[in-house]
Protein chains: 2
Amino acid sequence: MIDDISLQILSILQEKARIPNVEVARQVGLAPSAVLERIRKLEKQGIIDGYEVRLNPEKLHRDLVAFLQITLDRPEACTSVAEALSALPDTQEVHYITGNDAFLVKLRSSSVTELHRTVQKHIAGLPGIARVHTHIALATHKESAKIPLDAIIP
Amino acid sequence: MIDDISLQILSILQEKARIPNVEVARQVGLAPSAVLERIRKLEKQGIIDGYEVRLNPEKLHRDLVAFLQITLDRPEACTSVAEALSALPDTQEVHYITGNDAFLVKLRSSSVTELHRTVQKHIAGLPGIARVHTHIALATHKESAKIPLDAIIP
DNA sequence: TCTGAAAAAATGTCGGG
DNA sequence: CCCGACATTTTTTCAGA
């Protein structure tokens, strides 16, 4: 399915996506053209989904992380609520969670004032929503989308 | 602090970080060298923190998302627990949350079996931990680290 | 799938405004 | 802070193994 060299390439890119191709080639011991061919293939297969810049939230006034636990009145509202939540610019994650059948939503705002405004104006009133529990992050010790690759069997 | 053109550049990079510099220059109406200068400056300022490849978790057998709510016995254990949680490869996020004074941890695993193993072997036994509540995501509707830039006042 | 060489394109440098 | 020309480096293509 995916061999060891491609895993190595993914691992290198996951650390530093803007590393030049020639450098990746050197590290895995192939010619640049071979590496390019592999990367193109990984992109076409959808294993590589894209490339993102990592911005510093603090320096851009987006240092308030909050989690909302949203329970529903009516199960039918699930889809529409999910779409409405996902459409908000402050929303970073929307998951439907086992247990109490609720959404867990991660928001990034500029302040508690703005968070409150977003919840009141765009979330609390959505049809189908019963309760919104808001939890604010006092500290964020880790925040990453990295996927561990060493566990994958080639 | 940061002007409109730099915000435009960040916005373009946030959509597609691997876009060539000349293309960014064309879109913002500057010479490539001017754009390069701005990007270097943003990197040095720490506003741009790095570049990441976005991998598809499903295609890499990492499609199980779980959230742990971890309450502590002893408040002094906070730091050591945070470090231990952050060190686990499956851990993607570790937040300390208001309300019940607990950690909210996001994990990405390959299966419920592996999730269970990780919790039992590396988390439940950590000194200072009182309870671990595990919630599994049945569906993930949005998952992004994008920061909305249009709200920022230049 | 890989290589190596050549062509095409982008990045990086720098004097000057 | 920007431009534009030039040097350097990288990406991309391609024929052959």
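What does the convex hull of the Cα atoms of region B:4-44 come to per residue, in Å³, rounded to a whole number? Walk me through the numbers on the way to the answer.
Numbers: hull volume 2.4 nm³, N = 41.
Cα-based convex hull of region B:4-44, divided per residue, equals 59 Å³.
Taking a temperature of 10 °C and a viscosity of 1.306 mPa s, what whole-number D in µm²/s does Stokes-Einstein yield for region B:64-136 with Rh from Kirkwood over alpha carbon pairs? The partial results should precede the final answer.
Values: Rh = 12.0 Å.
My calculation gives 132 µm²/s for D.
Of all the residues in chain A, which one has the C-beta that comes nearest the axis relating A to B, and what is the distance in Å?
Axis-proximal residue of A, distance in whole Å: A:E52, 3.
Using just the helices of the protein assembly as shown, give the 222 nm mean residue ellipticity in deg cm²/dmol: DSSP H runs with n ≥ 4 each add -39,500 (n - 2.57), and the total is spread over all residues, rounded to 500.
Values: 10 runs with 102 residues, N = 308.
The helix contribution divided over the protein assembly as shown gives -10000 deg cm²/dmol.
Note the per residue figure in Å³ for the convex hull of the C-alpha positions in chain B. Please report the intermediate quantities before stating the final value.
Working: hull volume 24.3 nm³, N = 154.
Dividing the Cα hull volume of chain B by its residues yields 158 Å³.
Given the alpha-carbon gyration tensor of the protein assembly as shown, what are the semi-axes of its equivalent ellipsoid in whole angstrom, ordered largest first, with each equal to the square root of 5 times an eigenvalue? Don't skip to the answer; put the middle values down first.
Values: eigenvalues 214, 139, 71 Å².
Values for the protein assembly as shown, descending: 33, 26, 19 Å.
Kirkwood Rh over alpha-carbon pairs of region B:20-75, then Stokes-Einstein at 20 °C and 1.002 mPa s: what D in µm² s⁻¹, rounded to an integer? Walk me through the intermediate numbers first.
Numbers: Rh = 15.5 Å.
Using the Kirkwood radius from Cα pairs, D works out to 139 µm²/s.
Just need the relative contact order of region B:4-44 here, percent rounded to a whole number, with Cα pairs under 8 Å and 6+ apart. Walk me through the numbers on the way to the answer.
Values: 21 pairs, mean separation 14.6, N = 41.
In percent, rounded to a whole number, it is 36.
Got a sec? How would A:F103, B:F67 order by Cβ neighbour count within 10 Å, fewest to most?
Working: A:F103 24, B:F67 21.
If I rank by nearby Cβ atoms, fewest first, I get B:F67, A:F103.
Check every DSSP H run in chain A and write down those whose alpha carbon atoms cover 15 angstrom or more along the long axis and whose mean Kyte-Doolittle hydropathy is -0.5 or greater. Don't jump to the answer; show the numbers that get you there.
Values: long enough: A:4-15 (17 Å, 0.78); A:32-45 (20 Å, -0.83).
Those that clear 15 Å and a mean of -0.5 are A:4-15.
In debye to the nearest 20, how big a dipole does the protein assembly as shown give about its Cα centre with +1 on each Lys and Arg Cβ and -1 on each Asp and Glu Cβ? Can you show the working numbers first?
Values: 36 positive and 38 negative charges, 69 e Å.
Dipole about the Cα centre, nearest 20: 340 debye.
Of A:S109, A:S144, A:S86, which is the most mobile in a GNM of chain A whose springs link Cα atoms less than 10 angstrom apart?
Evaluated over chain A, the most mobile residue of the options is A:S144.
Hey, got the dipole for region B:10-52? About the Cα centre, +1 on K and R Cβ, -1 on D and E Cβ, debye to the nearest 20? All intermediate terms of the calculation are to be shown ahead of the outcome.
Working: 7 positive and 6 negative charges, 29 e Å.
Computed about the Cα centre, the dipole is about 140 debye.
Within 10 Å of each Cβ in peptide A:97-110, how many partner chain Cβ atoms are there on average? Round it to a whole number, please. Write out the running numbers ahead of the final one.
Values: counts 8, 7, 6, 1, 1, 1, 3, 7, 2, 9, 0, 5, 2, 3.
What the average comes to for A:97-110 is 4.
Normalised by the residues of chain A, what does the relative contact order come to in percent, with Cα pairs under 8 Å and at least six apart?
Values: 165 pairs, mean separation 40.2, N = 154.
So the answer I get is 26 percent.
Report relative contact order for region B:64-136 in percent, whole number only (criteria: Cα-Cα under 8 Å, sequence separation at least 6). Don't skip to the answer; put the middle values down first.
Details: 119 pairs, mean separation 37.2, N = 73.
Averaging sequence separation for qualifying contacts and normalising by length gives 51 percent for region B:64-136.
In a GNM of chain A with a 10 Å cut-off on Cα contacts, which of A:H116, A:H133, A:H141 has the highest mean-square fluctuation?
Highest fluctuation among the options: A:H141.
Each reported figure results from applying straightforward, stated rules to the coordinates on display, with no laboratory input. All of these numbers come straight from a predicted model, not from anything done at the bench. Neighbour counts are summed over all protein chains in view; Cβ atoms, including those assigned to glycine, are modelled from backbone coordinates with ideal geometry.
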